């Protein structure tokens, strides 16, 4: 007889119940409440689905199918842009592969960098003969593997440049900017460099503008709840029901302080104070602002956040240009948000507004 | 002295702690862990932020600012399309106001229908002299208020038609389709009717194609975790850590069964079996499929779901056209997903692919 819950019958599940139990239960005995078939095939099955959905746009390359490239690649005489990083951040990274953006992406496991062989395969896919820019976030593993890939590509005669995005101001002090992690600012670097490459600019020019964005964008994030890495099967961190982690990284890295929940306006005020202390824009400047959900935080709350951002910018006499509000760089189902700012000049603004297309982000 | 948590200092918060406590604590004493300033101003502050961000696209109308309309409205001799519904579902509803889509939207509180006066104001905003289509989801409150608005508009001499979307197959049996709730299928109805109106079709033709979509799209959803309505301050339902609710509605309405978590492939198989039992597509048909996250479920898992959808369609000899995969109709931070199918003919397919633009959804 089926059990009843809340007056509704609970169907007998039989074998399925045991199957799901095996599949969804982690070694620690916790149920991983996610849509999955095999906790260790999460990324590969995700890529299967992606390539089923967008077969006209993407090809899947690399020995184990862990590279996603534009079907149009390599594009002759266009600078190729290759990226890569851990999974679990969609649209980062592979969601920015597309027209006017990136050419290829090496895909790691959830929150784990891609293999060097896949970084090389991504560079090969991106290489149209005008050189390849490696453009990725500043994480140790990614850096090591992209450096190996660079050596290998250069040995083959491919011209290579490298720009690492280090925008998370909570991850290291201003004086050691090169140690900062890459987070939401990567989105701006991808967009601007991608638009420049689309114009058939030289490798030196594409690299130079990517460096300019990487040097001038700044991000800070706030975490409310953790997420669950399917392979691991437990929360990335623990946090009380009334606590937030201010300055948290995109993988749940510890932030600047942990404390009692504050109002949205108080949180945003501190986020902007810290961003402006680091960047120091002036009255009359033009800025693009990215208000990003880390996953579970709904769009509704991003607009409550943006409301305060707009007020503060207006008070400071700074013009907000083309705000980006949505899920641009996530941590699975983590609740939380980040704010990224990018000061603009006329060239950056035009490149930011240039048309681009991926199934994840379309600018007309 | 600041407390320490995990070796990091916890900043003294002083007054803020009490403020947030007042703001974020519900009457039941629970902390509502969200970015908010005032639980009862959630929707209004969200609209403030929205209109700050997209001042060039949207105007805010209605006595209490609860109507969002295209700045371009009213567009002379174009059929106007007005919608409305509860908040908490972004991009549904107001996110579909834009070029090639809808003209105006009446905005209710979280999960609560808009007021009749705002439905009327949305119709006025949409009215360019060629008639107004009311296009919304089949919920009692929305229906009542849009019916009052229709009477009022007709008394003023505005030509009005009405199409309600009733696509949630879990909410009522096939024989009483008119009692079903409107969920993800609304996205298809908005897109197709919006594209038809953009072509300057007559009210009769725009209405007819909206009716065709409303009659032929089908949706089913699965809930994994609840969400918290800020005004209420508690979860919309309770569910065990190893349970799912199959057929759950977009506000947490009870589904067909509640039971133990299954694998993604098992869940998708049952979803498609039930959709196809209701709709019965044939070998050779062309279908668009919308795989939708209810909020917290990450995009990665939507692709794991779509992987199975693509396999099943291929087995059945059905062609998947322009899959839509993302967050199209959400329930705040609820974890879960829905699948919507829409059978296509050449006209529907062309209208679905037609260019459109809102900050939430852009088709080039």
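Inclusion of residue B:13 among residues that are at pLDDT 95 or above and surrounded by fewer than 21 Cβ atoms within 10 Å (Cβ to Cβ) is not warranted. When restricted to residues that are farther than 15 Å from residue A:338 by Cβ and more than 9 Å from every other protein chain (Cβ to nearest Cβ), the stretch A:257-271 contains 1.
For the stretch A:155-185, what are the residues that are surrounded by fewer than 15 Cβ atoms within 10 Å (Cβ to Cβ) and free of Cβ contacts under 8 Å to residues at least 60 places away in the same chain? A:155, A:156, A:157, A:173, A:175, A:176, A:178, A:179, listed by residue number. Being away from chain A (no Cβ under 12 Å) and under 21 Å from residue B:165 (Cβ atoms) is true of residue B:279.
Do the conditions hold for residue B:141, that is, is it away from chain A (no Cβ under 14 Å), closer than 28 Å to residue B:296 by Cα, in contact (Cβ under 8 Å) with a residue 12 or more places away in the chain and surrounded by fewer than 24 Cβ atoms within 10 Å (Cβ to Cβ)? The answer is yes for residue B:141. Scanning the stretch A:213-234 for residues that are surrounded by fewer than 18 Cβ atoms within 10 Å (Cβ to Cβ) and within 27 Å of residue A:194 (Cβ to Cβ) yields a single hit, A:215.
Restricted to the stretch B:211-292, the set of strands (runs of 3 or more DSSP E) holding at least 1 residues that are under 17 Å from the mean Cα position of the chain (by Cα) comprises B:218-225. Of all the listed residues (A:20, A:72, A:82), the sole one being at pLDDT 95 or above, in contact with a helix residue (DSSP H, G or I) (Cβ under 9 Å, 6 or more places away or on another chain) and at negative phi is A:82. Those strands (runs of 3 or more DSSP E) of the stretch B:21-140 in which 2 or more residues are under 27 Å from residue B:180 (Cα atoms) occupy B:67-70, B:80-87, B:104-110, B:132-137.
Residue check: residue A:347 meets all listed conditions (1) more than 9 Å from chain B (Cβ to nearest Cβ); (2) in contact with a helix residue (DSSP H, G or I) (Cβ under 9 Å, 6 or more places away or on another chain); (3) closer than 12 Å to residue A:191 by Cβ; (4) surrounded by fewer than 17 Cβ atoms within 10 Å (Cβ to Cβ) but one, namely (3). Listed by first and then second residue, the pairs with beta-carbon distance under 7 Å, at least 6 apart or on different chains, first residue in the stretch B:235-256 and at the interface with chain A (Cβ under 9 Å from one of its Cβ atoms) and surrounded by fewer than 21 Cβ atoms within 10 Å (Cβ to Cβ), second assigned to a strand (DSSP E or B) and at pLDDT below 90, are B:241/A:31; B:242/A:31; B:254/A:8. Considering (1) at the interface with another protein chain (Cβ under 9 Å from one of its Cβ atoms); (2) farther than 22 Å from residue A:236 by Cβ; (3) in contact with a strand residue (DSSP E or B) (Cβ under 6 Å, 6 or more places away or on another chain), the lone condition that residue A:321 does not fulfil carries the number (1). Taken over the stretch A:258-271, the criterion of being touching a residue at least 12 places away in the same chain (Cβ under 8 Å) and buried (at least 20 other Cβ atoms within 10 Å of the Cβ) is satisfied by A:258, A:259, A:261, A:262, A:264, A:265, A:267, A:268, A:271.
Scanning the stretch A:141-177 for residues that are in a helix (DSSP H, G or I) and more than 20 Å from residue A:107 (Cα to Cα) returns A:154, A:155, A:174, A:175, A:176, A:177.
Before we move on, is residue B:295 within 9 Å of chain A (Cβ to nearest Cβ) and within 18 Å of the chain's Cα centre (by Cα)? Against the criterion (within 9 Å of chain A (Cβ to nearest Cβ) and within 18 Å of the chain's Cα centre (by Cα)), residue B:295 qualifies. The single residue among B:223, B:233, B:249 that is out of contact with any strand residue (DSSP E or B) (no Cβ under 7 Å at 6 or more places or on another chain) and within 30 Å of residue B:37 (Cβ to Cβ) turns out to be B:233.
The values are calculated or read from the model by the stated rules, or taken from the named source; none is laboratory data. Everything numeric in this text was worked out from a predicted model, so none of it was measured. No Cβ is skipped: glycine too gets one built from the backbone with ideal geometry, and neighbour counts run over all protein chains shown.
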